[in-house]
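The structure under discussion appears below in the form of structure tokens.
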């Protein structure tokens, strides 16, 4: 190898195997800090010959800790940090280890942007391959909808170029199917002009959270594509609702009056913003999560979320983000990403710092995650814990059989299974 190879007992092994979510304390057989694509190919060839599972680490921010796996060979793409921007073609290419902040810093320097997540430290590949539940999806689609092409190392060690008219089955699969099909060493994205977001935030506290969620649900039932909307419950601060309108200031002001009237019991905090490469800063932590995708906010779902908010006061958090517009209108089978149609992507999360608080956090997330499922069509795969095959099959729905066939063609031994795993067809 040209890069560094770490095995248990060597200096740096214990530090290198840590991922952002400290809830997962896994021990790989070895970690390969690949310097180039030849290193990646060598690692995959070795793993295949010896039937060793492969975990792929990009940013290392997976909620489920999938960047590291017990008894696996970790392929670490931390050195794949190249970013190139073509201003004229409005496209950017990034290595498999690039973080959101580095991609956005490069594109914003020429007045362009692509939909990304809100934490700059998160890896671009891990976000985009799972779909990319991003705030700009109403106008631009999800992160995976803006993938123009990719380079991937298969379980056979082949280096393939993916895109329209190039290995189209794999190109379809990686846009939502995660890291199930190989090691993605490069992604190409479509770029857009930067727009100003005109924002209104309503801090609602702990009073009648279920009622506030119903109001929010009514407001987002039909929205212009320019709208991005979020409802949050902070463990310490309670509920807040926010709406951003991308683009024209006058149109934004007119639209936001509806929100002010609906949440008139509190004064709106008004602001404007543009994409920030660093975004939110989420320190390394231990966290339990679960997710759900609600097609609408029914009274029953609002009741569950309201109870969850009160039961988790002091340690549990809820995030609901609107998916609408362009992302909602793309066909269910046009990409592997299954969350089409207007809806709300829900994340339940609970952090802990003391070991004795772990059981409480995991119990709250599991209880209210299960309570939401009767009203949820699937979930965003980046928002769920390591899950059994039946849940993954349910989440991908109509797309699962095709994904399983593609998996069987390119990874029949399921070498790449440190993920929300799609089983090869013969085993599904």
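The values are calculated or read from the model by the stated rules, or taken from the named source; none is laboratory data. Values in this document were obtained by computation on a predicted structure and should not be read as measured data. Don't worry about glycine lacking a Cβ; one is built from the backbone with ideal geometry, like all the others, and counts go over all protein chains shown.
Points worth noting:
- Filtering region 74-86 to residues that are surrounded by fewer than 17 Cβ atoms within 10 Å (Cβ to Cβ) and either under 15 Å from residue 98 (Cβ atoms) or in contact (Cβ under 8 Å) with a residue 60 or more places away in the chain (or both) leaves 81, 82, 84.
- Scanning region 336-361 for residues that are out of contact with any helix residue (DSSP H, G or I) (no Cβ under 6 Å at 6 or more places or on another chain), in contact (Cβ under 8 Å) with a residue 60 or more places away in the chain and over 19 Å from residue 307 (Cα atoms) gives 339, 353, 358.
- Some residue of region 62-73 being in contact (Cβ under 8 Å) with a residue 24 or more places away in the chain, buried (at least 24 other Cβ atoms within 10 Å of the Cβ) and more than 22 Å from residue 419 (Cα to Cα): no
- Looking at region 322-402, the helices (runs of 4 or more DSSP H) lying wholly inside it that each contain 3 or more residues that are under 18 Å from residue 297 (Cα atoms) and in the same structural domain as residue 226 (by TED's automatic domain parsing) sit at 358-372.
- Considering only residues in region 134-150 that are crowded, with 22+ Cβ neighbours inside 10 Å and in a strand (DSSP E or B), the one that is farthest from the chain's Cα centre (by Cα) turns out to be 150.
- Within region 296-327, tally of residues that are surrounded by fewer than 19 Cβ atoms within 10 Å (Cβ to Cβ), touching a helix residue (DSSP H, G or I) at 6+ places or on another chain (Cβ under 8 Å) and touching a residue at least 60 places away in the same chain (Cβ under 8 Å): 9
- Here residue 156 meets the list (1) touching a residue at least 40 places away in the same chain (Cβ under 8 Å); (2) outside any loop (DSSP other than H, G, I, E, B); (3) closer than 19 Å to residue 418 by Cβ almost entirely, failing just condition (2).
- Conditions (1) at pLDDT 95 or above; (2) crowded, with 19+ Cβ neighbours inside 10 Å; (3) touching a helix residue (DSSP H, G or I) at 6+ places or on another chain (Cβ under 9 Å): number failed by residue 367: (2)
- Per the conditions (1) touching a helix residue (DSSP H, G or I) at 6+ places or on another chain (Cβ under 7 Å); (2) within 22 Å of residue 148 (Cα to Cα); (3) in a strand (DSSP E or B), the sole criterion not satisfied by residue 6 is (2).
- Residue within region 119-133 that is surrounded by fewer than 22 Cβ atoms within 10 Å (Cβ to Cβ), under 13 Å from the mean Cα position of the chain (by Cα) and outside any loop (DSSP other than H, G, I, E, B) present: yes
- For the residues 406, 422, the requirement of being closer than 19 Å to residue 54 by Cα and outside any helix (DSSP H, G or I) singles out 422.
- Qualifying residue in region 416-424 (condition: modelled with pLDDT of 95 or more, farther than 17 Å from residue 345 by Cα and over 22 Å from the mean Cα position of the chain (by Cα)): yes
- The single residue among 204, 108, 195 that is in contact with a helix residue (DSSP H, G or I) (Cβ under 7 Å, 6 or more places away or on another chain), modelled with pLDDT of 95 or more and more than 21 Å from residue 41 (Cβ to Cβ) turns out to be 204.
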